Structure formats: structure tokens, C-alpha cells
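Just below is one structure, and these are the notes that go with it.
Please treat every number below as a calculation from the coordinates, not as lab data. Predicted, not measured: the structure shown is a model, and the values here were computed from it. Note that we place each Cβ from the backbone using ideal geometry, even for glycine, and neighbour counts take in every protein chain shown.
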6 protein chains.
Amino acid sequence: MNVLAIGAHPDDIEFGCGGTLIKYAQTGHNVHMFVLTDGSFGGDTQVRRNEQRESAKFIGVKELFWGNYRDTELVCSRELILKVEEILHKITPDVVFFNFWADVHQDHRAAAQAAVSATRYIKEALFFEVPTTQHFEPDIFVDIQDVLDKKLQLLKIHNSQVDRTRVENLSIVESAQSCANFRGYQGRVRYAEGFKALRVLKDIK
Amino acid sequence: MNVLAIGAHPDDIEFGCGGTLIKYAQTGHNVHMFVLTDGSFGGDTQVRRNEQRESAKFIGVKELFWGNYRDTELVCSRELILKVEEILHKITPDVVFFNFWADVHQDHRAAAQAAVSATRYIKEALFFEVPTTQHFEPDIFVDIQDVLDKKLQLLKIHNSQVDRTRVENLSIVESAQSCANFRGYQGRVRYAEGFKALRVLKDIK
Amino acid sequence: MNVLAIGAHPDDIEFGCGGTLIKYAQTGHNVHMFVLTDGSFGGDTQVRRNEQRESAKFIGVKELFWGNYRDTELVCSRELILKVEEILHKITPDVVFFNFWADVHQDHRAAAQAAVSATRYIKEALFFEVPTTQHFEPDIFVDIQDVLDKKLQLLKIHNSQVDRTRVENLSIVESAQSCANFRGYQGRVRYAEGFKALRVLKDIK
Amino acid sequence: MNVLAIGAHPDDIEFGCGGTLIKYAQTGHNVHMFVLTDGSFGGDTQVRRNEQRESAKFIGVKELFWGNYRDTELVCSRELILKVEEILHKITPDVVFFNFWADVHQDHRAAAQAAVSATRYIKEALFFEVPTTQHFEPDIFVDIQDVLDKKLQLLKIHNSQVDRTRVENLSIVESAQSCANFRGYQGRVRYAEGFKALRVLKDIK
Amino acid sequence: MNVLAIGAHPDDIEFGCGGTLIKYAQTGHNVHMFVLTDGSFGGDTQVRRNEQRESAKFIGVKELFWGNYRDTELVCSRELILKVEEILHKITPDVVFFNFWADVHQDHRAAAQAAVSATRYIKEALFFEVPTTQHFEPDIFVDIQDVLDKKLQLLKIHNSQVDRTRVENLSIVESAQSCANFRGYQGRVRYAEGFKALRVLKDIK
Amino acid sequence: MNVLAIGAHPDDIEFGCGGTLIKYAQTGHNVHMFVLTDGSFGGDTQVRRNEQRESAKFIGVKELFWGNYRDTELVCSRELILKVEEILHKITPDVVFFNFWADVHQDHRAAAQAAVSATRYIKEALFFEVPTTQHFEPDIFVDIQDVLDKKLQLLKIHNSQVDRTRVENLSIVESAQSCANFRGYQGRVRYAEGFKALRVLKDIK
């Protein structure tokens, strides 16, 4: 199975579906990441690139793609949509994860819109959440209890971002654990990642 | 795997998820039906009961349960919720299908509300649609192309209902085929049944 | 009465409100079409232009306007809004039809947003649907039973597009008929086109 | 043309669609009213009944029906739905107006749900608003500028209710005029009544 | 200032707005609680009553009212609405908190609907969430960082309920802390309670 | 307390929250205005600038900022977001008011999106409405009865706009008064301004 996760910035994917990707990789599926911007607004570009590479390695990602857009400048243009489609053609994913269209961060909105357009013929397309996402009501859940520690480890690998929540004394690690527990109950397990289905073609087998 | 479908009236289940149930049964899963009312408003009770039995047999249903409520009089009471919970305890289903909460028919609304309450600890709960459903935006699709004829056959078995659409020259069979084609495109296949996820705990394997 | 339909691509209008336009033209009203892009992504530009012209003729359209934008590159800019306003000033339509704002295709979203802005003083403005439209819940219906064959004929005239649904064995003609039947029941007739009202000033007479 | 308006209490109909009913009656259509409760919570039953009769006469209503339910005790039961259906069978209305399903008043919610079910085969069904309605986004508007004074007169006829808004110094007459002006702009006229379409089968002629 | 919190069951209020009530009480305001059912479905009635009394005492509640309805049997009847209105008349609260109308538990839905009706002239009315709430998007937040421990203590006082989450190894205390952290970020603080405004009359001073 | 209002055009702020700003200023708070475009589409730029200055003075605004964008050409770009952030850094507002994201005017949509992004760490952020706003359901209200006349005066100061409603015989002054009365009832007072909370961190004191 081919899995693709698309995120606007380094560490978006890890917060949104890091646990799920770890489970896919552990099961032997091919996991790919496509990070659209360089994260230059949130820190040194080279540092962030290295953190992203290390995180991808930790997950067991087969290939990490970069969009090389400038952080905070992402726009849902035809050019961006084509770039996403190019990756889709290369990977032919069975399932694609990406940012949600309602978000206070403009890059997340643009990434979501481009992904919605580019994945229009994909049979499983799921939105994930990050802390700035709005109006997010997940209906698909993945139990991540057995990989929660690893998920939190991913966020620690993005070391330059851990304390950049802009809320006093709040680390992104605590935030990720609480989110997992909050979504967990909704999926009737202790810790989960929650997704909103854009489209799922369910297999009966 | 244990599958349960709950419908307010005879033939609701068939329209909403008949194709999916056939696929579950064909694959060897245990399919159960729970029909809440006697369908007395839409025809002779005994006729409808027989049609429902024949349809269940055609699908390969393991057990057909009856709620024995009076058609058009269903109310989302504690008693109804407990009755649904009783069936859930007996079957311990892995997935449950039922009517949607927005519908112009009062029985469908009551069935949906009771099912939402009763299935609160179930890990996969999906709403289906019938012709009177409103505001329905499915996000989960099942490809039913290879069982479409069988699904239409199910609706013909409910012979007393085929021409009761209240629209001139419109049979429920044509309506079901169009619906399958309409939802099919949304799921990127030719014919599909569309579901709205109340809650899906997705397995990574 | 002056009628205007605005579509992002050749054949959007036909799928969305072709039957309704035929009925307007048959009744003697002045029907106009405004096609924003050249459809170059979906086929040869000249071929698509000819198909559109033939379709307009078949409907009995009084004048066909072209936006001459490049397919897949439409953006809701001030310039696009002004272009739409210009056509509105020329025609002074009593009713305007256009794409819906939620759609997986970026051009459809842009066309919808521009039309919403440009028609802000128009007293009857209605969204139509195409196969890629999302979250569409029509509340206004037009019975097209007596012109269904003609509507399907329109889609066949766009011959280069008939089999471009990207779903195996699904032609746009089958899709249009199913959609008409699906919406028909919601409007309590056999075949209908469904619209979502942005604004309707209802006449009591 | 046969027109029916259904309201939970005396004066609901007048606030929601009084101007529109006056225009229908002036044009020569047959206007009917169905008032579900006796309004006993808001005043003396006999007084309210007389006010309602006078108001119906002022509009030019052909027949005024009473549900005789107790004010504040309305429930969306099968019995209520059947009573509404009975009136529908008697009148065979071309258009039906009724309360909206989101409202802080329980009777309005019950009236709306019953009307949604009972009108399921009616081709034009429209929700109206009253001051307690919530989440109301009208998309159909009727210009009532030329009958605004008459509409305000209707509310004055319900003399026992004029100052029962529970807001200091606010009369229902001022409230109705402001609402007409507020909705007017949305319909691009000076004064309008706004409706939310449950279903409209639009005639092309 | 007079504050009232209404909950369907013992411990609903504590989960939903326990921290906020503690802050109100600490500041010297009069805090009241109205618990509608006896909680008999979740444990021994007398035990639950005692837990609720102890919790009220811990918060510093001025008066604890009981509805004495049977757990799981709450219905939004006129009688329930009148009972809530009676309490409102007695307390004349400046702000009222209560369950949200979308919830998989039927009692929570009934409590919410009754509260929406009963509080129709109250100038500050806020919905709170509990673990079973659906579609909840809070827009009002109260920083509870300095009383978080006390809030968790409240949930421990409801000792019979701590491990009744029906999710393996999940205690309601962990769930409440995660929820506070999850909502905290949305309010831009570390720990918060989130509310959805039904209506807030904001004071400029 | 520092208050900031952001509007796409001269007079948007006055219609949306003029009364509230007057109350803030009267109470002694520091009120600031940020007008993004020059209003050149609605009249002579210099005239509109003067009107805006006079209105700001009437309110008692401490500082009026100009974005100097061209009317009708506003786009939610990174550059616009940064400009808004710059003002936020300068003022460090306790509360920010701005246009709503659903609006038929493209500038209002762009202003709203930029403000949503720029205010992402602000603890009180509120959307206001103008006549072209769509889908607006306010949940926060400010009683403006005692400053209604002053609010209407503000709109008269924007003299070039008073009769530019594009609706015959409708002045913006009448429209503003009706809106205040319409929203007033929803907030349970006679005249109010209604706001939709993006985020409010409520203080308990």
C-alpha cells in the first residue's frame, strides 16, 4: 500500500498523522511525505530541513519530497495544484492525508485547497488537524495508543518548534498528547488521531 | 465480522445499504437486520413482513429482528434505545448502519436518534440514506457495481412498495439505480452506496 | 425575460442547468451563456469552442460570450468580477445561474466567488451543480422531464467530454440522467435540475 | 392558487408571512390559515381567538382552521402530523408557509417538524421566521413595501401581544418593521419578508 | 452576580464548567447548581447524591437543586421547561451554563433543549461540553490554569464515575485534563474550559 | 484597554461596530481604527478620507490607520496579513473587531481572512456585519440603545455613502437602525450590535 502525507510546514504532518504513519510503516506499507514550505518563518531553514529529515527517518518514510515554497507565502495556484498532482502520479497513493481547509494559518488553507483539487480522483483522502485548525469534526479515528510515545518523539525531533506554541509554558508535546486523548475518547479508545473524510472508498473483504 | 443494519421500515435498509450487506454476506460475514416498525402505513403488515423475510433471505441475513413498533408512530424514547442496545449486546457488531437524523419522515428521525444513542460505544457506526433523507453528504462509499442487479432485485422483492414513490411514473428501482450512480461518481466508481460516518475506528493493517 | 448562465468550462452550464435553459428558450425568453475558460485542459480548444457553439445553438441561445481565460487558471480577481459585471450590464438578466462555491475543481470555486460578487444586486441568482460539486443541497427544482432527452443531447454535443469522467465505463450522459432522477425525487417529480438559491425575489402574481 | 400558512400561535403567521399573504389575497388567490394552539400562555384564549379572526378577515383569508392544542404543550407526534395532513388534503395548497425548526420556543420547533413531515409531497414549502427563530438564513424574499402598513396593522390587531416582547420599550410592531427592512436589503428591496426554502418546484413560463 | 449551572446528571456540570464555577465562587459570586436526574443509571442513587453534595460544597455552591428525574428518561417536555423556569425565577441568574444540544446521550439533548427554551430571556447563556458532546465548537474560553487541580479534584469526588468512561484504562480525570489543554490552546492559554455562546450580552465598562 | 477595529472600506467599521466603539471611547478606553482601502470605488478618495477622519474624531478614536489598498482589489496575501500584524504589534489590542469571512463583497472576504490569520494570538477577536454579509449568526451582543443616535450620526458623516445602498429609497441610516433593532431583540435589548465570536477569553472577576 502506498501512503502519502502532505503538510504545509515541517512538523504539520507529524502532529496531524504522525502516529498513523508510524503504524503504516511498521506494517510494511510505503509511506511518503510532501512538505510544501521551508518553514523559514518558524526558524532557520537548514535546521528545519534537518529536523524533518530526521523525523522522516524515524517514521521509516520511503521518500521525503519538498515543495520549496516560502513559509507564510503559500497560495492555492494552478502551479501548486500541478506540483501536488505530479507527486500523486509518481506515488499513486492508496490514501492521502493533508491539512484541513479551515485554519487560522493561511498556508494551511492554501495547502488544503490545493490538495482537495489535486486528489479529486483519489479514492481515500483524509484531512488532519493541527493546533490552528478550526471547525474540525473528525469522523475517522486511528488508535495510536501503542505508538503514542513514538509520536511524541517525532515532535521532539522538531526540536526548534517544541516551545513555539506562543502559549506560556505549553509545549507542542503536551498539546499533542492532550489532542490524542481528546480524540481518543471520540473514537472510543484511549489515544487516537482524528481525521475528517473528504472521501473514503471502503473495501468490503 | 458481525454486521448490523437498523431500519425504521421494511425496505429502508435495502435502499440504504442493501448492496453493502450483500457484499458482506458474500464475503462470509454475519449480517443481521433490525426492522423497527411493521410498515403498516405502507401496506398490509403480513405482506410487508413476508417481503422483508424474503429480502433478508436473498441477502443471506443470519437473523432478522423486529421491533414491532407501529409505522409512523416511532418515538426516540428510552424504551426504544434500550431495545436497540439489547440487540447490540446480543450481536456485538463490528459495524452498524442506520437511518440519518435529518429526514422528512418522523420515524427515520426517531430511528436515527435512538441509534446514535444506543451505538455510543460502537467503533464503526454509519448513517445511510433513503429517498426522504435531507442534508446528507456521504463521505464513505462502497463500490456496489458487481452487486447492483442484486440490490435492485431486493427492492423488487419489496413488491408492495415499488410504485409507492408518490411521484408519477417513478419506481423505487429506478430511483435506487440513479442514487447508486450519483453516489458512485462521488466515490470515484460507477455505482456506490454512500454513508456518512458517525464514527469509524480505522484499522491499519 | 433575460436569462444568463455562467460556467467555468464548456459543458458546465449544460450539466448544471441545460434543461432549464431549454425550457426558458422554448417559452420565448432570451437565454445567454457566458463561458469563462477555453477548456484547453479537457481537450483541443477549437474543438471545445465548436462544441459549445453547437450546444448553444441547440438550446436556442441568443448570444454566447467567452471569457477567454485559460482552463485550470481561473482566479477570483477584481478583473474577473468586472468582466462578469460587464456582461450583466449588457444583458440585465432577470435570473442568473452559475457554479457553486464548494467544488473540488479550483476553476469552479473561482467562477462561483466571482459570480457571487458580481451578482450582488441581481434579484434572482442560483447556484447549479456539476459532478465535482461538494456540499450541494438544492432547494429550488425545475421539472425537466419533458426536455430530458434534449438535455442529454446537449452533453453528447460536447462529444470530446462524454467519456472523460475518469471513472471506468461511466459516461457523462449516464451521470446526468442519474443526477436528474436523484434531484427529481427531491423536487417531487421524476427528473429535475436542482439549484441552491443565493437569492430569489419571489413574485406574487 | 391555494395558499396555506401554518403557525404555532396566534400572530406567528402574521409576523412571518403576513405581508405575503395579503399580496396573495389581493391578487385573488385563496389564502388559508391553520393556527395550532390557543395562545393561552400569552393571554386570554377568547381574546386571542377574536384577534386571530379579525386578522384573518383583514387579510382576506378564506378559511381559518384551529388545531386547538394547548399553548406551550405542542409536541411533534403522529397525531399532530395527521392533523396537518388532513388540512393539506382538504385545501391541496400550491404553497405552504410554516415556522422554522430552529427556535428557542418549543412549540415553534414542534410545529416546524410536524409541517416538514406532513408537507413531504408538497411542491412549494417555505419556512418563515418569528422573533425567537435561530439560525435563519432566508434565500427567498417577497417585496412587501406596498403592503408594509397593512402588515403592521395585522400585528396591531393582535392587540394583546403588541407589548409582550419582554424587551423594555420594544413593541412587536417596531420589531416587524425592522425585520422587514433588514430582510429587504438582503432581497435587494426596501421591505421584504424572508423565507427559507424547504423545497420549491420552480415553474418556467 | 448570580451564576447557575444546569446538568443532566451528577458530574456533567463539573466536567463542563467546574473550573469556571470555582473561579466564580472564589471571586465571591453566588453559584447555584441544578442537577436534573438522579444518575441512577450510572450508580447507586444515594451514592451519587452524596458525591454531588460534596462536590457542590467543594466548589462553594450556595444552593444545589435537584430535578429528581430518572436517569436516561429525560424528555424536553413543557413540564421540564417550567421546572427550569421556576429555578430561573428564584435565582435570577446573570449567567447560565448547560449541556449542548448535539450529544449522543439522549438526556443531554433533552436538557439542552429545555434550557434553550427556558433561558429565552436570559442575557448570558452558554453551552458546555461533556465527553459525549458532538459538533461542539467553543468560541468563549475561561482560563482555568490556576484551578485545574481543583477541577480534577471535583471529578475525583464523583468517585463512582471516575473509571466509568467505557474506554479501557481511561479515567475521566485524564480525559478532563486533556480536554482543558485541548481547549486551552484554542483560547490561547494552557488550560481552559470552552463554551459555545447561545447568547451573550457583552458589557462595555 | 486597547480596542482595534479593522474595516475593508471607510464606513464598514461604523456600520459594524460604531456604537460599540463609541461606548468604549466614552468609558475611557483607547480606540483605534484601521481602514484597509481608500474607498475609491464608492466615491472620491479625498472625500471619503475626510469623512473617515471626521467620523473617527466623532467617536473619539485615538489613532486612525490607513492600509492604502485600492478599493475592490484587496487580496488576502502574506503582505496584507503582515500589515495587519504590524498594527497589532503597535497597539497590542485587548479586543479586535473586523469584517466577516462570508460576504458578497470580495474586499470584505479578503479583510476577514487576513484578520483571522493576523489575530491568531489575540484573546478577543470578533466579527462584525455589514449589509452585504452572508450567513451571519451573531452570538455576542452589545446594547447600543443609549448611543444609537450617535451611531446613526456616524453614518451620516459618511455623507457620500448614505444613499448608495443601490436599493430605491433606502438610506444606510434606516438600514443601520433596523439592523440594530433586529439584533437588539436577539440580545434581549431594544437596539444592539451583534458580533460573531472568533475567540473570546472571558474574564471571571
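For the range D:101-181, dividing the convex hull volume of the Cα atoms by the residue count gives 126 Å³ per residue. Amide H to amide H distances under 5 Å link residue D:158 with no residue, where only residues 5 or more positions off or on other chains count and H is placed in the peptide plane.
Mean residue ellipticity at 222 nm, helices only, chain D: -13000 deg cm²/dmol; runs of at least 4 DSSP H residues each add -39,500 (n - 2.57), and the sum is divided by the number of residues. For the pair residue B:153 and residue F:146, a Förster radius of 51 Å applied to the C-beta separation gives a FRET efficiency near 0.10, rounded to the nearest 0.05. Shortest first, residue F:166 label-point distances to identical copies amount to 3.5, 3.5, 3.9, 4.0, 5.2 nm, with the label point at 7 Å from Cα along Cα→Cβ.
Between the alpha-carbon centres of the range E:129-151 and the range A:135-185 there is a gap of 18 Å. With its label point put 7 Å out from Cα toward Cβ, residue A:79 sits 1.5, 1.5, 6.8, 7.0, 7.0 nm from the same residue's point in the other copies, in order from shortest. Over the range E:110-151, consider all pairs of different Cα atoms and compute the Kirkwood hydrodynamic radius from their mean reciprocal separation; express it in Å, one decimal. Answer for the range E:110-151: a Kirkwood hydrodynamic radius of 12.7 Å.
Centre-to-centre, using Cα atoms only, the range D:18-61 and the range C:97-120 are separated by 42 Å. Sequence-distant contacts, meaning Cα pairs under 8 Å at least 6 residues apart, place the relative contact order of the range B:1-62 at 42 percent. Couplings 3J(HN,Hα) of the range D:161-167, computed from phi: 9, 3, 9, 9, 7, 6, 10 Hz, in residue order, whole Hz [Karplus 6.51 cos²θ - 1.76 cosθ + 1.60, θ = phi - 60°; x for Gly and Pro]. Shown in residue order for the range D:7-17 are the 3J(HN,Hα) couplings computed by the Karplus curve 6.51 cos²θ - 1.76 cosθ + 1.60 at θ = phi - 60°: x, 5, 10, x, 5, 4, 4, 4, 5, x, 8 Hz (x for Gly and Pro). In loop segments of the range F:134-176 as defined by DSSP, the trypsin sites (Lys or Arg not before Pro) with at most 11 further C-beta atoms inside 10 Å of their C-beta are F:166. So what does the Cα-only Debye profile of the range E:20-166 read at q = 0.08 Å⁻¹, as log10 I(q)/I(0), no solvent term? Taken in order of the listed q values, log10 I(q)/I(0) reads -0.21. Axis-proximal residue of chain A for the rotation onto chain D, reported as residue and distance in whole Å: A:135, 8, based on Cβ position.
Below 8 Å between Cα atoms, with a sequence gap of 6+, how large is the relative contact order for the range A:59-205 in percent? Relative contact order of the range A:59-205: 24 percent. Across the range A:182-193, computed HN-Hα scalar couplings (Karplus, 6.51 cos²θ - 1.76 cosθ + 1.60, θ = phi - 60°) run 4, 6, x, 4, 5, x, 6, 9, 6, 10, 8, 9 Hz from first to last residue, x flagging Gly and Pro.
Mean-square fluctuations from a GNM of chain F, with a 10 angstrom spring cutoff on Cα atoms, peak among F:143, F:44, F:103 at F:44.
Restricting the range B:108-205 to GluC sites (Glu not before Pro) that sit in a DSSP loop and have at most 16 other Cβ atoms within 10 Å of their own Cβ leaves B:168.
Rounded to the nearest 20, the size of the Cβ-charge dipole of the protein assembly as shown about its Cα centre is 0 debye, with Lys and Arg at +1 and Asp and Glu at -1. Look at the Cα gyration tensor of the protein assembly as shown: its axes a ≥ b ≥ c give a/c under 1.5, and that counts as rounded. What separates the residue E:49 label point from its copies, with the point 7 Å along Cα to Cβ, is 4.5, 4.6, 7.1, 7.5, 8.6 nm, written shortest first. Looking at the protein assembly as shown alone, DSSP beta bridges between its own residues are antiparallel in about 30 percent of cases.
Neighbours of residue E:42, meaning other residues whose beta-carbon lies under 10 angstrom from its beta-carbon, give a summed charge of -2 when Lys and Arg score +1 and Asp and Glu score -1. Remark: mean inter-chain Cβ contacts per residue of E:140-146 equal 4, using a 10 Å Cβ-Cβ cutoff to other protein chain atoms.
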